[in-house]
Amino acid sequence: MKNYKADLHIHTVLSPCGDLEMSPRNIIKRAKEENIEILGITDHNNTRNCKVLEKLANENDILVLKGAEINSKEEIHCLTFFETDDELFDFQNYLDKHLPKVMNDTKKFGYQVVVDEDDNILDQVEPLLISALDVSITEIEQKVHELHGLFIPAHIDRERYSVISQLGFVPADLKVDALELSKFVSKEDFINKNNYLADYSFIQSSDAHFTENIGDIHITFQLKKRSFDEIRMALKSVNGRKTIVS
């Protein structure tokens, strides 16, 4: 087994709350500086900057998990990741279908841009990406797993936009691959207050919207090699693979 440093919650310039310096090239540059070996790309309700990140990451010996941070109709944020381009494409179609057609106000929320590897703007997404989808967290979880993806409720310790803040607890019948903690809490303190979640797998991520925050906190995967399937197994602690929260 080998240890790999990972930060699985990164926003690009496509997220309206993402700084305009969060271009694919700048994200990869900062990840290299922080010795991040696995990155999760999780723009709000959209996946369209994942492929360019993957291309640049491959050139710099970094594995990218391609996905999005979705917002359910209950206003619960969850991380979703997919292995293949076909799965990612199908999920993007699902997002397009269920995102309300509320137009973005760039002066209020910021720009939502799709870019190429040279930071050239290819497109601007018009619907506001931070809106809640018109489907429930359970429906989204089922769709993600139908596409063989990973489903991880995000920053569950936060007082807004988390499964606990919105529902009061993590439902036992919600099929999650892990739970994410923000960088503002320790796993030990969180489990002490939420002992019913002690047997769940956890990750902890930076939720970076600015380049300087990439790698603020990270996890370590113990894997045979860097791959989507190895990470899936590490989240389940299969055959010596592990997910270590610092």
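Here are a few things to note about the model shown:
- Residue within the stretch 172-179 that is at positive phi, out of contact with any helix residue (DSSP H, G or I) (no Cβ under 6 Å at 6 or more places or on another chain) and not polar (S, T, N, Q) present: no
To keep it simple, each residue is scored yes or no on (1) over 17 Å from PHE151 (Cβ atoms); (2) surrounded by fewer than 17 Cβ atoms within 10 Å (Cβ to Cβ); (3) touching a Ser or Thr at 6+ places or on another chain (Cβ under 8 Å); (4) basic (Lys, Arg).
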{"residue": "ASP189", "(1), (2), (3), (4)": "yes, yes, no, no"}
{"residue": "ASN192", "(1), (2), (3), (4)": "yes, yes, no, no"}
{"residue": "TYR196", "(1), (2), (3), (4)": "yes, yes, no, no"}
{"residue": "ASN213", "(1), (2), (3), (4)": "yes, no, yes, no"}
{"residue": "ILE217", "(1), (2), (3), (4)": "yes, no, yes, no"}
{"residue": "ARG226", "(1), (2), (3), (4)": "yes, yes, no, yes"}
{"residue": "GLU230", "(1), (2), (3), (4)": "yes, no, no, no"}
{"residue": "LEU235", "(1), (2), (3), (4)": "no, no, yes, no"}
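- Looking only at the stretch 207-229, and only at residues there that are in a loop (DSSP other than H, G, I, E, B) and among the small types (Gly, Ala, Ser), the one that is farthest from the chain's Cα centre (by Cα): SER227
- Listed by first and then second residue, the pairs with beta-carbon distance under 6 Å, at least 6 apart or on different chains, first residue in the stretch 95-124 and over 20 Å from ILE70 (Cβ atoms), second part of a loop (DSSP other than H, G, I, E, B) and charged (D, E, K, R), are LEU122/ASP116.
- Among the residues of this structure, TYR161 does not count as one that is surrounded by 14 or more Cβ atoms within 10 Å (Cβ to Cβ), modelled with pLDDT of 95 or more, outside any loop (DSSP other than H, G, I, E, B) and of a type outside the set (Asp, Glu).
- The stretch 1-34, residues that are part of a loop (DSSP other than H, G, I, E, B) and of a type in the set (S, T, N, Q): THR12, SER15, SER23
- Restricting LEU79, LEU65 to residues that are of a type in the set (A, V, I, L, M), out of contact with any helix residue (DSSP H, G or I) (no Cβ under 8 Å at 6 or more places or on another chain) and either under 25 Å from GLU139 (Cβ atoms) or not in a helix (DSSP H, G or I) (or both) narrows the list to LEU79.
- The stretch 227-246: number of residues that are within 19 Å of GLU180 (Cβ to Cβ) and in contact with a helix residue (DSSP H, G or I) (Cβ under 8 Å, 6 or more places away or on another chain): 4
- Filter result (assigned to a loop (DSSP other than H, G, I, E, B) and within 16 Å of the chain's Cα centre (by Cα)) within the stretch 85-129: LEU129
- Given (1) surrounded by fewer than 18 Cβ atoms within 10 Å (Cβ to Cβ); (2) of a type outside the set (Val, Ile, Thr); (3) closer than 30 Å to LEU20 by Cβ, index of the condition SER182 fails: (1)
- Among the candidates GLY149, GLY168, residue that is under 14 Å from the mean Cα position of the chain (by Cα) and either modelled with pLDDT of 95 or more or surrounded by 19 or more Cβ atoms within 10 Å (Cβ to Cβ) (or both): GLY149
- Test: residue in the stretch 51-61 that is at positive phi and touching a residue at least 60 places away in the same chain (Cβ under 8 Å): no
- Residue list for the stretch 37-52, filter: part of a helix (DSSP H, G or I) and surrounded by 24 or more Cβ atoms within 10 Å (Cβ to Cβ): CYS50
- Filtered residue count, the stretch 166-198, keeping only those that are among the polar types (S, T, N, Q) and touching a residue at least 60 places away in the same chain (Cβ under 8 Å): 1
The values are calculated or read from the model by the stated rules, or taken from the named source; none is laboratory data. Every value quoted in this text rests on a predicted model; they were computed, and no experiment measured them. Positions of Cβ are backbone-derived with ideal geometry, glycine not excepted, and every protein chain shown enters the neighbour counts.
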